[in-house]
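In what follows, a structure is listed as structure tokens, so that the remarks can point back to it.
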Amino acid sequence: MAQLSYDPDVTALLVVDPYNDFISEGGKIWPRIKDVAEANNCVPHMKQILEAARENKLRVFFAMHHRYREGDYETWKYIAPIQKLAWNRRTFEFGTWGGEYRAEFVPGPGETVASEHWCSSGFANTDLDNQLKRQGIHRLIVIGLIAHTCIEATVRFAAELGYDVTVVKDAVADYSDEMMHAALEINMPNYASAIVSTEEILVALSSVRSAASAAQ
């Protein structure tokens, strides 16, 4: 693979769904992804990458799943299976701990939180594309949950919209190794320009700072 390089003027980190229900002990979905997430150190890697992006002056965007509210979907004619599960489990319930950001991933000053997505793609029926384009972003580094649903759907949609996408493979997680394999080795290589490790992305982000210092 060619050496990774990211221009901070056109590149952003996109953090998908860092809710307590997903990535904190006691979260509703954590028991289902715990084995995979702990095996690849997903959450610590997400934290490292977010800190590196902030330190190296990359803009940060958050694509968050719709938080359950009483009455959701009751008037909808059609509800996707993934939405039925969220409805039945009251996943990411608004006003509860599970529906809050894990503490390390609370958006900082100047960081952009897109409107919540109802199904899987961070772009579908949200303002994410508009928010990115308004800030001149057309390259994305994507981390978060879940590999075969929200990450894959967001990456696919980003490619359709013309973004260049990098996925960090050990800063995402899933319910099983088989699902991780399908997402990262079969499906997303069709849409992501690069699928890399946390170590590789941290080296690339540190070079952003070095280049900026050299230019001063």
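The values are calculated or read from the model by the stated rules, or taken from the named source; none is laboratory data. Bear in mind that the values here come from a model prediction, so they are computed numbers and not experimental data. Please note: Cβ atoms are built from the backbone with ideal geometry, for glycine as well, and neighbour counts cover all protein chains shown. The accessibility values were calculated without ligands, DNA or RNA, using every heavy atom of the protein model including side chains. Shrake-Rupley method; radii C 1.70, N 1.55, O 1.52, S 1.80 Å.
For TYR73, the criteria (1) in contact with a helix residue (DSSP H, G or I) (Cβ under 6 Å, 6 or more places away or on another chain); (2) under 26 Å from ALA159 (Cβ atoms); (3) part of a loop (DSSP other than H, G, I, E, B) hold in every case but one, which is (2). Scanning the range 63-96 for residues that are surrounded by 15 or more Cβ atoms within 10 Å (Cβ to Cβ) and of a type in the set (Lys, Arg), we see that the one that is farthest from ILE143 (Cα to Cα) is ARG90. Take the conditions closer than 18 Å to CYS42 by Cβ, in contact (Cβ under 8 Å) with a residue 12 or more places away in the chain, out of contact with any Asp or Glu (no Cβ under 8 Å at 6 or more places or on another chain) and among the small types (Gly, Ala, Ser) and apply them to ALA182. Does it pass? Yes; evaluated as a whole, the condition is true for this residue.
Do you know which residues across the range 167-212 are at pLDDT below 95 and open to solvent by less than 70 Å² (accessible area, probe 1.4 Å)?
If the condition is that a residue be at pLDDT below 95 and open to solvent by less than 70 Å² (accessible area, probe 1.4 Å), then SER206, SER207, VAL208, ALA211, ALA212 are the ones that fit.
The number of residues in the range 48-62 that are buried (at least 19 other Cβ atoms within 10 Å of the Cβ) and not hydrophobic (A, V, I, L, M, F, W, C) comes to 3.
If you filter the range 126-162 down to residues that are among the charged types (D, E, K, R) and not in a strand (DSSP E or B), you find that the one that is nearest to VAL10 (Cα to Cα) is LYS133. Here MET180 meets the list (1) under 18 Å from ILE195 (Cβ atoms); (2) in contact with a Ser or Thr (Cβ under 7 Å, 6 or more places away or on another chain) almost entirely, failing just condition (2).
Looking across the range 76-96, the residues that are over 17 Å from SER115 (Cβ atoms), in contact with a Gly (Cβ under 9 Å, 6 or more places away or on another chain) and part of a loop (DSSP other than H, G, I, E, B) come down to ARG90, THR91. Residues that are farther than 25 Å from LEU50 by Cβ and outside any helix (DSSP H, G or I) within the range 169-191 comprise just one, SER176. Could you please give the count of residues in the range 1-16 that are crowded, with 20+ Cβ neighbours inside 10 Å and in contact with a helix residue (DSSP H, G or I) (Cβ under 7 Å, 6 or more places away or on another chain)? Result for the range 1-16: 5. In the range 1-54, the residue that is farthest from LYS169 (Cα to Cα) out of those that are outside any loop (DSSP other than H, G, I, E, B) and of a type in the set (Lys, Arg) is ARG54.
For ILE195, are the conditions met, namely being farther than 25 Å from ASP129 by Cα and not in a loop (DSSP other than H, G, I, E, B)? Against the criterion (farther than 25 Å from ASP129 by Cα and not in a loop (DSSP other than H, G, I, E, B)), ILE195 does not qualify.
Determine which member of the set TYR101, TYR19 is closer than 28 Å to ASP177 by Cβ, open to solvent by less than 10 Å² (accessible area, probe 1.4 Å) and among the hydroxyl-bearing types (Ser, Thr, Tyr).
Numbers: TYR101 fails: open to solvent by less than 10 Å² (accessible area, probe 1.4 Å).
Exactly one residue qualifies, and that residue is TYR19.
Yes/no per residue for (1) touching a helix residue (DSSP H, G or I) at 6+ places or on another chain (Cβ under 8 Å); (2) surrounded by fewer than 17 Cβ atoms within 10 Å (Cβ to Cβ); (3) in contact (Cβ under 8 Å) with a residue 24 or more places away in the chain:
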site: PHE105; (1), (2), (3): yes, no, yes
site: THR112; (1), (2), (3): yes, no, yes
site: SER115; (1), (2), (3): yes, yes, no
site: THR126; (1), (2), (3): no, no, yes
site: ASN130; (1), (2), (3): no, yes, no
site: ARG134; (1), (2), (3): no, yes, no
site: GLY144; (1), (2), (3): yes, no, yes
site: ALA153; (1), (2), (3): no, no, yes
site: GLU160; (1), (2), (3): no, yes, no
